[in-house]
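Worksheet for the structure shown next.
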Amino acid sequence: MTISMSSASLPVCQTMLGNLAHFLDKAQAHAQARGFDAAVLLQYRLAPDMLPFTKQIQIACDAAKNGAARISGVEAPRFEDNEASFADLKARIQKTLDFLATVPAASLDGTEDKEVTFPVGKDKTRTMKCEAYLKHWMLPNMFFHVTMAYAMLRHNGVDLGKSDYLAGARA
C-alpha cells in the first residue's frame, strides 16, 4: 500500500501538536518547581532577531491547520494571535487539534498533483503541487517552530529530552 496524503499529514500534525502541549506542561511544572512565573518565558527569544516563544507556538499551529486546509480545500478557522499565557497557548493547540479532527481524510487523499497557492511573507505567494507543499513546506515549517519552542524551553532549563519531542505525553 502506498502512503496517503491524509496519513502523511493529519496524524503527524496531531502527534507533534500533542507533544508541543506536553512541552508546555513541563515548562509550567518547571516554573512552579523553581518558583518563577512561567509567563516570563512567553516573550523569550534565542536571538534578538528571532520570533518569541509565543509566536513559535502560534506558527506551529497555523502551519498545521492552514496546511491541512489548503490541501483539503476546507476552510481553516482564523485565530487572533492574542495568546498571553500558557493556558491560552494550550487552548490554541487544542483548537488546532479540534480543527484537524474535522478534516476528512478523503479531502486530502488524491490531492498530490493539485496546485496550492499560499502566502510567503507579507506580500508574496508561492504555488506548489500539494505533495511537494506537504513534504517540503508545511511539515518542515511545523517541525521548525515546534523545534524552536523545544530549544527555547531546553535553554531555560526545562527538563525535555528526545523522548518528549518524539513521543510527548506517551514518553
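The values are calculated or read from the model by the stated rules, or taken from the named source; none is laboratory data. It should be emphasised that the depicted structure is a prediction, and the values quoted were computed from it without experimental measurement. When we count neighbours, we look across all protein chains shown, and the Cβ atoms used for this are built from the backbone with ideal geometry, even at glycine.
Here are a few things to note about the model shown:
- Of all residues in the range 1-55, those being small (Gly, Ala, Ser) and in contact with a Phe, Trp or Tyr (Cβ under 6 Å, 6 or more places away or on another chain) number 1.
- Counted residues, the range 120-154 - those being at pLDDT 95 or above and within 30 Å of Val40 (Cβ to Cβ): 15
- You will find that of Ala8, Ala29, Ala64, the residue that is within 13 Å of the chain's Cα centre (by Cα), in a helix (DSSP H, G or I) and either under 21 Å from Tyr165 (Cα atoms) or among the small types (Gly, Ala, Ser) (or both) is Ala64 and no other.
- Taking residues in the range 50-79 that are under 30 Å from Asn156 (Cα atoms), and partners anywhere that are aromatic (Phe, Trp, Tyr) and modelled with pLDDT of 95 or more, the pairs with Cβ atoms closer than 6 Å and at least 6 places apart or on different chains are Phe53/Tyr44; Lys65/Phe99.
- Complete set of residues in the range 139-169 that are of a type outside the set (A, V, I, L, M, F, W, C) and either under 10 Å from Ala60 (Cα atoms) or without any contact (Cβ under 8 Å) to a residue 60 or more places away in the chain (or both): Pro140, Asn141, His145, Thr147, Arg154, Gly161, Lys162, Ser163
- Residue list for the range 86-113, filter: among the β-branched types (Val, Ile, Thr), more than 15 Å from Pro11 (Cβ to Cβ) and part of a helix (DSSP H, G or I): Ile93
- Considering the range 80-95, the residues that are touching a helix residue (DSSP H, G or I) at 6+ places or on another chain (Cβ under 7 Å) and in contact (Cβ under 8 Å) with a residue 60 or more places away in the chain include one that is farthest from Gly18 (Cα to Cα), namely Phe86.
- Test: residue in the range 56-67 that is over 21 Å from Pro140 (Cβ atoms) and either in contact with a Phe, Trp or Tyr (Cβ under 6 Å, 6 or more places away or on another chain) or modelled with pLDDT of 95 or more (or both): no
- Candidates in the range 100-145 are the residues that are surrounded by 12 or more Cβ atoms within 10 Å (Cβ to Cβ) and β-branched (Val, Ile, Thr); of these, the one that is farthest from Glu75 (Cα to Cα) is Thr111.
- Evaluating Pro77 against the criteria (1) under 15 Å from the mean Cα position of the chain (by Cα); (2) surrounded by 14 or more Cβ atoms within 10 Å (Cβ to Cβ); (3) over 20 Å from Met128 (Cβ atoms) leaves one unmet condition, (2).
- Options Gln43, Gln56: the member that is of a type in the set (S, T, N, Q), in a loop (DSSP other than H, G, I, E, B) and under 20 Å from His145 (Cβ atoms): Gln43
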